[in-house]
1. Does Val151 satisfy being within 15 Å of the ligand (Cβ to nearest atom), out of contact with any Phe, Trp or Tyr (no Cβ under 9 Å at 6 or more places or on another chain) and modelled with pLDDT of 95 or more?
2. Would you confirm whether or not the stretch 191-202 contains a residue that is modelled with pLDDT under 90 and either closer than 16 Å to Pro83 by Cα or within 9 Å of the ligand (Cβ to nearest atom) (or both)?
3. Of everything in the stretch 134-169, what is part of a loop (DSSP other than H, G, I, E, B) and within 16 Å of Leu219 (Cβ to Cβ)? Give them in sequence order.
4. From Leu160, Leu175, Leu219, Leu210, grab the single residue that is touching a His at 6+ places or on another chain (Cβ under 6 Å), outside the structural domain of Leu82 (by TED's automatic domain parsing) and within 16 Å of the ligand (Cβ to nearest atom).
5. Those residues that are of a type in the set (Gly, Ala, Ser) and open to solvent by less than 20 Å² (accessible area, probe 1.4 Å), I need them from the stretch 43-61; list them, please.
6. Determine if the stretch 229-236 includes at least one residue that is at pLDDT 90 or above, out of contact with any strand residue (DSSP E or B) (no Cβ under 8 Å at 6 or more places or on another chain), open to solvent by less than 80 Å² (accessible area, probe 1.4 Å) and away from the ligand (no atom under 16 Å from the Cβ).
7. Can we say Arg26 is open to solvent by 50 Å² or more (accessible area, probe 1.4 Å), of a type outside the set (Gly, Ala, Ser) and either farther than 24 Å from Lys209 by Cβ or modelled with pLDDT of 50 or more (or both)?
8. All but one of (1) at pLDDT 90 or above; (2) within 18 Å of Gly79 (Cβ to Cβ); (3) within 16 Å of the ligand (Cβ to nearest atom); (4) not acidic (Asp, Glu) hold for Asn182; which doesn't?
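The values are calculated or read from the model by the stated rules, or taken from the named source; none is laboratory data. The structure displayed is predicted, hence computed values, not measured ones. Note that each Cβ is placed from the backbone with ideal geometry, even for glycine, and that neighbours are counted across all protein chains shown. To get the accessible areas, we keep the full protein, side chains included, count just its heavy atoms, and leave off ligands, DNA and RNA. Shrake-Rupley method; radii C 1.70, N 1.55, O 1.52, S 1.80 Å.
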Amino acid sequence: MALFRARVALALLVTVLHAQAFVVPRAGQRVVLRPWAAKVVDVSLPKPLGIALEELQPGKPAGVRVQEVREGGSAIKSGDVLPGMVLVSLNGIDCTTKDFDTIMDMLIGATDSQPIQLSFSLEVDDEQIPQPIKTGPCELHVLLPKGETMVLKARNGDNLRKVLMAGKVSIYEGLAVMTNCNGAGQCGTCVTKVVGQGWSPRSDYEANKLKGRPQSHRLACQTLVEGDAVITVRPAKNDS
Ligand code: FES
């Protein structure tokens with residue numbers, strides 16, 4: 001059974017998993033932040049955040065990452081905080097070389113009367129091969145469930161879900177319209193099919209959420225635009 005340690009403080013639920021976590025990369029696996037790959041997201045969030053954190057390297061002052069974004073907190077409402085993101089700084093203070101307890105103290109000590117300024121970065125597995133970041137505009141040809149098509153302008157690096165939502169594309173159906181996780185990567189209802197050259201493969205986390213579906217199926221909220229592509233919204237489970 002996994003060793004488990006949990007703390008609740010000021011409605012900030014923070015969890016440390018000492019065994020393998022479901023996010024990628026795995027707890028304890030060495031990770032590095034590389035300037036060429038890091039995409040930093042700055043957010044300003046009031047308490048309670050609703051973010052579960054875990055150590056990057058158990059017992060070491062090597063920072064924390066988001067293990068889970070939970071209902072009821074400000075993070076999930078923002079749509080900008082995703083599992084796997086590394087906490088880079090908190091109210092302007094670098095967190096990448098601090099241990100879990102110190103970061104907890106910083107969170108607990110942050111005033112309730114003002115939002116907390118947080119910077120997150122996507123972390124990079126050191127086994128990944130460096131890829132140049134694509135830049136510039138691109139076009140997404142979107143196939144809608146009833147056969148209509150539309151073209152959306154996007155930029156490389158944009159979040160696919162946000163591009164589709166901005167284009168007023170109905171990416172959810174049924175109850176998921178109301179119950180989706182708002183881009184936190186939890187509900188698995190933002191499935192799209194992506195056919196494009198050079199798009200990164202889906203992560204282990206995404207693949208796990210999309211078990212039984214073809215490789216081309218992606219969680220839109222976990223996918224960054226990487227060039228021109230054809231996007232099928234709400235593809236049939238066997239539409240490869
Ligand atoms: S919106 Fe819930 S997984 Fe993408």
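1. no
2. Checked against the condition, which is being modelled with pLDDT under 90 and either closer than 16 Å to Pro83 by Cα or within 9 Å of the ligand (Cβ to nearest atom) (or both), the stretch 191-202 yields at least one hit.
3. Across the stretch 134-169, the qualifying residues are Asp158, Val169.
4. Being touching a His at 6+ places or on another chain (Cβ under 6 Å), outside the structural domain of Leu82 (by TED's automatic domain parsing) and within 16 Å of the ligand (Cβ to nearest atom) holds for just one of Leu160, Leu175, Leu219, Leu210, which is Leu210.
5. Gly50, Ala52, listed by residue number.
6. Yes.
7. No: the conditions fail for Arg26.
8. (1)
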